[in-house]
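S.K.: For reference, the structure I am asking about is given below.
Values in this text are rule-based calculations from the coordinates and carry no lab data. Treat the numbers as computed from the prediction; the structure is a model and nothing was measured. Reconstructed Cβ throughout: ideal geometry from the backbone, glycine too, with neighbour counts over all protein chains shown.
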């Protein structure tokens with residue numbers, strides 16, 4: 001098979017920066033058969049092994065979680081397994097700016113209420129600033145959402161290096 005040949009797979013389990021690190025393996029199944037002419041090299045549903053190339057849980061202050069995946073092994077139609085080299089596919093977590101703003105706003109609101117009870121208008125302003133600071137601290141102390149790929153997600157890779165497969169034939173028995 002030539003470099004650039006597409007390989008579409010379905011993940012067989014969830015993959016996440018919460019549960020997976022760089023170097024961890026995952027399994028997938030071939031979404032479409034790989035053929036050359038009328039010869040089936042690998043059947044639809046064939047087992048594929050992949051690896052997490054990179055898993056970054058994201059920063060607490062900025063940066064979202066991300067992970068990079070690649071395929072490593074393919075089970076052929078005759079049952080043999082071969083090594084693969086594919087491009088990588090990257091996934092990022094959604095940004096958490098809305099959640100962070102909500103934490104800061106809730107902190108400011110609670111601070112305003114406490115300050116107003118304790119010291120009237122001036123206390124409300126001080127309470128809002130203190131509460132907003134506490135909300136900001138809470139937002140900075142927590143990581144955002146993990147990057148994840150749910151089970152049965154279709155991922156599209158392509159071969160980065162060609163491979164050749166010769167048809168395996170049974171040897172005659174002596």
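S.K.: Tally the DSSP beta bridges in the stretch 1-99 and give the antiparallel ones as a percent, rounded to 5.
M.R.: Looking only at bridges with both residues in the stretch 1-99, the antiparallel portion is about 100 percent.
S.K.: Sort 22-31, 49-58, 64-73, 77-86 by the packing proxy (mean of other Cβ within 10 Å over each peptide's residues), most packed first.
M.R.: Highest-to-lowest ranking by the protection proxy: 64-73, 49-58, 22-31, 77-86.
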